[in-house]
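Just below is one structure, and these are the notes that go with it.
The values are calculated or read from the model by the stated rules, or taken from the named source; none is laboratory data. Predicted model, so just to flag it, every value in this text is computed and none were measured. A quick note on method: Cβ atoms are made from the backbone with ideal geometry, for glycine too, and the neighbour counts reach across all protein chains shown. Heavy atoms of the whole protein, side chains included, go into the accessibility calculation; ligands, DNA and RNA do not. Shrake-Rupley method; radii C 1.70, N 1.55, O 1.52, S 1.80 Å.
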Amino acid sequence: MSVLSRVRVLDFTERVQGPYATQMLADLGAEVIKIERVQPLTPDGRPDDRYPTDGRRTLYTGMFLATNRNKKSVTLNLKSEGGLEVARRLVAISDVVYENFRPGVMDRLGLGYRDCVELNPSIVYASASGYGPDGPYAHLPGQDVLAQAIGGFGAINAAADGRPMPVGMSITDVMGGMNGAFAVLAALYHRLRTGEGQHVHVSLLASAIAAQSEQAVHFLNTDVGEPARGTVMHAHPYIPPPYGFYATKDGYIALSSGRQIPQLCRILGIPDLSKDPRFCSYWLRDRNRAEFEQILEDALRKRTTAEWLELMRAEDLFAAPVHTFEQTFSDPQVVHAGMVQTVDSPIGPLKLVAPPFTLTKTPATIRTAPPTHGQHTDEVLQLVGYSPEEITKLREQGAV
C-alpha cells in the first residue's frame with residue numbers, strides 16, 4: 001500500500017508550482033482529482049495540446065506531461081452554479097485542497113479557505129502563489145523568472161561580467177512545488193494527531209530565498225558584499241577555485257575541492273599551486289581566481305575529459321564530466337537509478353522523469369500517464385452522487 005493511498009487531493013492548479021506539488025503527492029499514492037476548465041486551454045490561452053498527434057511538441061506540452069501523472073482530470077465551469085456545486089461536493093470528501101491562483105481568486109469563486117472549512121472542517125488547504133498571501137507584492141503576477149529576479153538568483157548566478165543571469169529552468173516553481181508538498185505532508189501529520197486542518201502557504205519568492213540560505217547567511221552576517229563570479233568558469237561567487245566547469249581538449253570537466261590542489265596539480269603536471277604565494281590561502285585563491293583558473297584550463301586543455309577523469313578518479317578527486325542533455329539521460333548512474341521511466345499514454349510510450357527519492361516500504365510510483373482533458377469527469381461525478389442523467393444535464397448546461 002502507498003503511504004498516501006487514503007488521501008484525496010482536490011487540485012485547482014496550473015502551470016508548474018502547484019501541479020509539481022500535487023504530482024509529488026500523487027506519486028506517493030494520493031488520489032489527486034485535477035479540476036480543469038471546460039474549454040481546454042494552455043496557460044497562455046492557446047488550445048490544449050498536451051497529447052499532440054501531429055508530431056508538434058511545445059514547452060507547454062512538456063510542462064503538462066511533466067507535472068500531471070497519476071492524476072484524474074475533471075472539467076468544471078466554476079463560474080456556473082452547477083459546476084460550483086460539484087466542486088463543493090468534492091471539497092466535502094477531500095483531505096486536501098491545493099490551489100495556485102493569485103490571492104483572492106478562490107475567495108471570489110466561493111472556494112476560499114473559509115468556504116472550504118465550512119464544508120469540511122478538517123480540510124488541509126494549500127495556497128501556492130508568487131509572493132505570498134499578503135504584503136506589497138501579493139496582488140502582482142507571480143512567475144518563476146520574476147521570483148528569480150526579486151529573490152536574488154540573478155545576482156548569485158551573475159555572469160563573469162556582472163550581468164545578472166536567470167537559471168535556465170523554472171527553478172523556483174520546482175522548489176515551490178517541493179516545499180508545498182512537504183508542508184502539506186506536515187499538515188496532514190498534524191491532522192492525524194489532532195484532527196485539525198489548517199491553511200498552508202507557499203510562494204515562489206520564499207522558495208527562492210530559502211534555497212539560497214547558505215549564501216544569504218554569509219552575506220547577512222559578514223562584510224563580504226555582493227556575490228561576484230569573476231570568471232566564466234567559476235560556479236560559486238563565495239567559494240574560491242577550483243570550483244566550477246573548466247575546459248578540456250574536447251569538452252568540460254567539473255572540479256570542486258580546494259583540499260585536493262596538490263594531487264590535482266601533480267595529475268595535471270604543473271607546480272603545486274597551493275605553495276604559490278598568489279594562491280597559498282583560501283582568500284588569496286579567491287582574490288586571484290582569474291589567474292588560478294587560467295593556469296588550470298591551460299593544463300586541462302591538453303587532454304580529453306575522459307582521459308582526465310580516468311586519472312582523477314583513480315585518486316578519488318572531486319571531478320565529474322559536464323554533460324549535454326543527451327549524455328545526462330544516457331549516463332550509467334542515471335540509467336542505473338531508473339531516473340527515466342516509460343508509461344503507456346494516448347500517443348504511445350511516454351518517457352517521464354521518476355520521483356527523486358526512494359522509500360523501502362512505501363515507494364513512490366508512476367502508475368498512470370497524465371490524463372487527457374476531462375478523462376475522469378463522469379467517474380468523479382458519480383463518486384459524489386451524480387446519476388448518469390444528472391451528469392448529462394450538467395454537460396448540457398455547460399457546467400462540466
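Please work out the FRET efficiency for the pair A354 and R6, using the Cβ-Cβ distance as r and a Förster radius of 25 Å; give the result to the nearest 0.05. Efficiency computed from Cβ-Cβ geometry: 0.60. Each residue of region 183-200 was assigned a 3J(HN,Hα) from its phi angle through the Karplus curve 6.51 cos²θ - 1.76 cosθ + 1.60 (θ = phi - 60°); the sequence is 5, 5, 4, 5, 5, 5, 5, 4, 5, 4, 7, 10, x, 8, x, 6, 9, 9 Hz, with glycine and proline shown as x. The magnitude of the dipole of region 137-296, with charges of +1 and -1 set on the Cβ of Lys/Arg and Asp/Glu and taken from the Cα centre, is near 340 debye. In this structure the amide hydrogen of S345, modeled in the peptide plane, comes within under 5 Å of the amide hydrogens of L350, none closer than 5 places in sequence on its chain.
Determine the per residue accessible area of the chain with all protein chains present and a 1.4 angstrom probe, expressed in square angstrom.
52 Å²
Rounded to the nearest 500, the helix-only mean residue ellipticity at 222 nm of the chain stands at -11000 deg cm²/dmol, with each DSSP H run of n ≥ 4 adding -39,500 (n - 2.57).
As a length-normalised measure over Cα pairs under 8 Å and 6 or more apart, the relative contact order of the chain settles at 20 percent.
Summarising the label geometry, the points placed 7 Å from Cα in the beta-carbon direction at A149 and E81 lie 4.4 nm from one another.
Between H236 and D161, full extension at 0.36 nm per residue minus the direct alpha carbon distance yields a gain of 25.6 nm.
Charge dipole of the chain (Cα centre as origin; +1 on each Lys and Arg Cβ, -1 on each Asp and Glu Cβ, all else neutral): 320 debye, rounded to the nearest 20. Dipole of the chain computed with +1 at Lys/Arg Cβ and -1 at Asp/Glu Cβ about the Cα centre; of Y125, G142, T75, farthest Cα towards the positive end is Y125.
Given +1 at the Cβ of Lys and Arg, -1 at the Cβ of Asp and Glu and no other charges, the dipole of region 88-225 around its Cα centre is 360 debye to the nearest 20. Over what distance in Å are the Cα centres of region 252-271 and region 111-125 separated? Taking the Cα centre of region 111-125 as reference, the centre of region 252-271 is 58 Å away. Full extension of the chain segment joining S330 with Q397 gains 19.1 nm, where the gain is 0.36 nm per residue of separation less the Cα-Cα distance.
The label-point distance for R278 and T362, in a model that sets each label 7 Å from Cα toward Cβ, rounds to 5.8 nm. Straight Cα distances below 22 angstrom link K34 to the lysines K71, K72, K79, K351, K393, with same-chain residues fewer than 8 positions distant left out. Note on L188: accessible area is roughly 20 Å² with a 1.4 Å probe, heavy atoms of protein only. Rolling a 1.4 angstrom probe over the chain with all protein chains present gives an accessible area of which 56% lies on carbon and sulfur atoms.
The chain has equivalent-ellipsoid semi-axes of 48, 24, 19 Å, by the square roots of 5 times the alpha carbon gyration tensor eigenvalues, sorted largest first.
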